[in-house]
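Structure record follows, encoded as structure tokens.
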Amino acid sequence: AEELLQPSDFKQRIDRLKERVEGLGGIFDLGQKRSRLSELEHIIATPDFWNDQDRARDIQREKASVTSQIEKIETLFRSLTDSETYLELFREENDQALLVECRELLNTIENDLRKFELTRMLSGPHD
């Protein structure tokens, strides 16, 4: 027989993951990344942006990197919110399938978070 999944285990796991994502968002400074992205977009919008091709390429590269980092963090937050929704629905409907969905989503979040943390460690504080 398949073991029954316990909602309390999920709640603790979600809380732990949320702490890690928030910590990452803090270390990573989401607000600062967003304002840097805004700066870069402003620079790109200037009429003489392409006059210096090398600088333009560097700025485009930085914009792509910053955008990607912001999206990764936002996706993790969204997925955590979705997992909490699965948990709430389970409490209302008592359908084990919802906990299975929640578990799958948490596994994905955990893997993505691990990859992101590793990338951050390897790239160092100046990236």
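Values for this structure:
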| quantity | calculated |
| --- | --- |
| Sulfur and carbon atoms: percent of accessible area, the chain [1.4 Å] | 50 percent |
| Nearest 10 degrees, 0 to 90: helix 53-93 Cα axis against the chain principal axis | 20 degrees |
| The chain: angle of helix 96-123 to the longest principal axis, Cα-based, in degrees nearest 10 | 30 degrees |
| Angle in degrees between helix 7-28 and the longest Cα principal axis of the chain, rounded to the nearest 10 | 10 degrees |
| Å² of accessible area per residue within the stretch 1-78, as computed with a 1.4 Å probe and no ligands counted | 67 Å² |
| Lysine pair number, Cα distance threshold 17 Å (strictly under), the chain, separation 8 or more or different chains | 6 |
| Selected from G31, Q96, N107, residue furthest toward positive end of dipole (the chain; charges at beta carbon) | G31 |
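The values are calculated or read from the model by the stated rules, or taken from the named source; none is laboratory data. Predicted model only: the values in this text are computed from it and were never measured. Note that each Cβ is placed from the backbone with ideal geometry, even for glycine, and that neighbours are counted across all protein chains shown. Side chains are part of the model used for accessible areas, which takes the heavy atoms of the whole protein and leaves out ligands, DNA and RNA. Shrake-Rupley method; radii C 1.70, N 1.55, O 1.52, S 1.80 Å.
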